[in-house]
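Enquirer: Dumping the structure here so I can ask a few things about it.
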Amino acid sequence: MVIGGGEVAVRKVTTLLKAGAQVEVIAPEVHHGLADLLAEGSIRFTQAAFSPSQLDGACLVIAATDDGAVNRAVSTEAKSRNIPVNVVDAPGLCTFTMPSIVDRSPVVIAISSSGSAPVLARMIRSRLETLVPAAYGRLANLAAEFREAVKQRFDSTQKRRIFWENVFSGPIAELVFSGQEESARTALESLLDGQVEAIGHGEVYLVGGGPGDPDLLTFRALRLMQQADVCVYDKLVSKEVMELVRRDAELIYVGKARDRHTLPQEEINQLLVRLARSGKRVLRLKGGDPFIFGRGGEEIETLMENGVPFQVVPGITAANGVSTYAGIPLTHRDHAQSCIFTTGHLKAGSNGEVNAVELDWPALTRPNQTVVIYMGLVGLAEICRQLVAHGLPEHTPAAVVQQGTTPQQRVVAADLATLAAKVAEAELKPPCLIVVGGVVSLREKLAWFKPGIS
């Protein structure tokens, strides 16, 4: 029984319904959120002011009105009937409190301050939400399937505990977390049958580190970064992101710069295989997203050919993150209905001059679109010249963003006719992203990120 029909009542009713309760709401009028639940048939509703007889048959009561006298009356009446009662924001009137909940059903974590600091409890819950993967519920359900078989297999509590600890902290759990539940089930069966070698090898985590700001990492990326034994990382991964890698993990730098590769790509691919086969959990950390100009596809092809298990964690690619932090929307109803990502690697022509023979200029110069160019700083002047030569007006807005999303972010905005000269004058250095199109004209109005230095 919930007494009250406002916004607070909506939150309480929603929580009760998730727990499987049959809920009746009593109030003179209800919030639209409750009206929606009533229309769905999820709750019962009595339109009336509170009276003691309404508690007949109730097994739990919550008072959620904004009238202190009514709340006290509800509390007194419920206590007299020995019905558990909770009064919102009034611990002294309660016989129980409502905790903040991290729901990974059937796993549920409750955080309570005994009513003294509910906001603090919610803050703690929000932190736990980032640490407990949503897939823990699926992992618990998988364990439930095998619980009886494990009891039959191991004759002591200690042996069962060790078995489950290995399951919950090892490759089987990672298979569940990455959505490979059938593979997890097969591996668990093998482990239970004593075929430890079936899951005894290492694994590769191909993780997108985003454009630089560590706050843009996904929950899964953070979790895998904290449990890896070794981290193989690129030049474009920011120092701030690297700080979040497990402290005692071995770090192997394989970064690439223009015309200078620490390791050829094929050697990187084989390095990942060797490390995983030695039993290590290998974090392959890339700037941006591993599948957007990150050569992640090549790496997992090699892993698959060699039977090495892996999972891929997407990251925010530079085009999204950097343009957003620069105040440049990639699409806009008045300026661009499509967007193209490309790379600006240029080749030397037969006359020794640099030219952009690899780019599809007709596709890049269509009207009403945004063009985002990765790794194009060195050839910027030639890129601008070719775009104009293939049909874009010289006054087309364009910008170059250096170290976007970080405190070192710098933006030079101009048009195709003047951009190269302005960037040279500003002495921008890689990593940089080039954005071309009408959306760049919105930057002056939409720029919101104020980097720490200019």
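Where a number appears in this text, it was derived from the coordinates with a stated rule and is not lab data. Here the structure is a predicted model, which means the values were calculated and not measured. Please note: Cβ atoms are built from the backbone with ideal geometry, for glycine as well, and neighbour counts cover all protein chains shown.
Enquirer: Please report the antiparallel percentage of DSSP beta bridges with both residues in the range 203-316, rounded to the nearest 5. List each step's numbers first, then the result.
Expert: Details: 3 of 21 bridges.
Bridges in the range 203-316 are about 15 percent antiparallel.
Enquirer: Whole angstrom only: what separates the Cα centroid of the range 7-69 from the Cα centroid of the range 204-276?
Expert: With the range 7-69 and the range 204-276 each reduced to a Cα centre, they are spaced 51 Å.
Enquirer: Still on this structure: Stick to Cα atoms and the Kirkwood definition of Rh, then tell me Rg/Rh for the chain. Display every interim value, and only then the final one.
Expert: Values: Rg = 29.2 Å, Rh = 26.6 Å.
For the chain, the value is 1.09.
Enquirer: Can I ask one more? In Å, what Rg and Dmax follow from the Cα atoms of the range 203-316?
Expert: When restricted to the Cα atoms of the range 203-316, Rg and Dmax are 12.6, 35 Å.
Enquirer: While we're here: How would you rank 395, 390, going from fewest to most other Cβ atoms within 10 Å of each one's own Cβ? Can you show the working numbers first?
Expert: On the way: 395 12, 390 15.
Exposure proxy ranking, most exposed first: 395, 390.
Enquirer: Okay, moving on. Would you order 59, 94 from fewest to most other beta-carbon atoms within 10 Å of each residue's own beta-carbon? Kindly include the intermediate steps, with their values, before the conclusion.
Expert: Working: 59 9, 94 21.
By the 10 Å Cβ count, ascending: 59, 94.
Enquirer: Would you calculate, for the chain, the mean residue ellipticity at 222 nm contributed by helices, counting each DSSP H stretch of 4 or more residues as -39,500 (n - 2.57) and dividing by all residues, to the nearest 500?
Expert: Details: 17 runs with 167 residues, N = 454.
Helices in the chain give a 222 nm mean residue ellipticity of -10500 deg cm²/dmol.
Enquirer: A further question on this structure: Less than 22 Å apart at the alpha-carbon level, and either on another chain or at least 8 residues along: which lysines does that give for residue 151?
Expert: List returned: 159.
Enquirer: Using the beta-carbon distance between residue 36 and residue 331 and R0 = 41 Å, what value does 1/(1 + (r/R0)^6) give for FRET efficiency, to the nearest 0.05? Don't skip to the answer; put the middle values down first.
Expert: On the way: r = 32 Å, r/R0 = 0.78.
The value I calculate is 0.80.
Enquirer: Please name which of 291, 84, 409 has its Cα lying farthest along the dipole of the chain towards the positive end, using unit charges on Cβ (Lys, Arg +1; Asp, Glu -1) and the Cα centre as origin.
Expert: Checked the options; the winner is 84.
Enquirer: For residue 113 and residue 51, compute 0.36 nm times the residue count separating them, minus their Cα-Cα distance, and round to one decimal in nm. Could you put the intermediate results ahead of the total?
Expert: On the way: separation 62, 0.36 × 62 = 22.32 nm, distance 3.06 nm.
Result: 19.3 nm gained on full extension.
Enquirer: Ranked from highest to lowest mean number of other Cβ atoms within 10 Å per residue, what is the order of the peptides 413-426, 126-139? Walk me through the numbers on the way to the answer.
Expert: On the way: 413-426: 17.0, 126-139: 15.4.
Per-residue Cβ counts within 10 Å, averaged per peptide and sorted highest first, yield 413-426, 126-139.
Enquirer: Would you list the P(r) distribution for the range 2-98, with all Cα-Cα distances sorted into 10 Å bins from 0 and each bin expressed as a whole %?
Expert: Per 10 Å bin, starting at 0, the Cα pair percentages come out as 17, 56, 26, 1.
Enquirer: Let me ask something else about it. Please sort 142-153, 9-20, 268-279 by packing, taking for each peptide the average over its residues of neighbouring beta carbons within 10 angstrom, highest first. If you can, show how the numbers build up before the last one.
Expert: Working: 142-153: 13.3, 9-20: 16.4, 268-279: 17.9.
The densest-packed peptide leads the list: 268-279, 9-20, 142-153.
Enquirer: Of the options 190, 144, 180, report the single residue whose Cα projects farthest towards the positive end of the charge dipole of the range 136-199 (beta-carbon charges: Lys, Arg +1; Asp, Glu -1).
Expert: The listed residue farthest towards the positive side: 144.
Enquirer: Starting from the Cα gyration tensor of the range 320-446, take the square roots of the eigenvalues, sort them a ≥ b ≥ c, and report rounded, prolate or oblate (rounded when a/c is under 1.5, otherwise prolate if a/b is larger than b/c, else oblate).
Expert: Taking the square roots of the gyration eigenvalues as a ≥ b ≥ c, the range 320-446 is oblate.
Enquirer: How large is the charge dipole for the range 249-336, taken about the Cα centre, if only the Cβ atoms of Lys, Arg (+1) and Asp, Glu (-1) carry charge, to the nearest 20 debye?
Expert: Values: 11 positive and 10 negative charges, 53 e Å.
With only Lys, Arg, Asp and Glu charged at Cβ, the dipole is about 260 debye.
Enquirer: Right, something else. So how far apart, in nm, are the two label points at residue 368 and residue 14 if each is 7 Å from Cα heading toward Cβ?
Expert: For residue 368 paired with residue 14, the spin-label model returns 3.9 nm.
Enquirer: Under 25 Å from the Cα of residue 429, which lysines turn up, not counting those fewer than eight places away in the same chain?
Expert: Within the straight-line limit of under 25 Å, residue 429 reaches these lysines: 235, 239, 256, 286, 347, 450.
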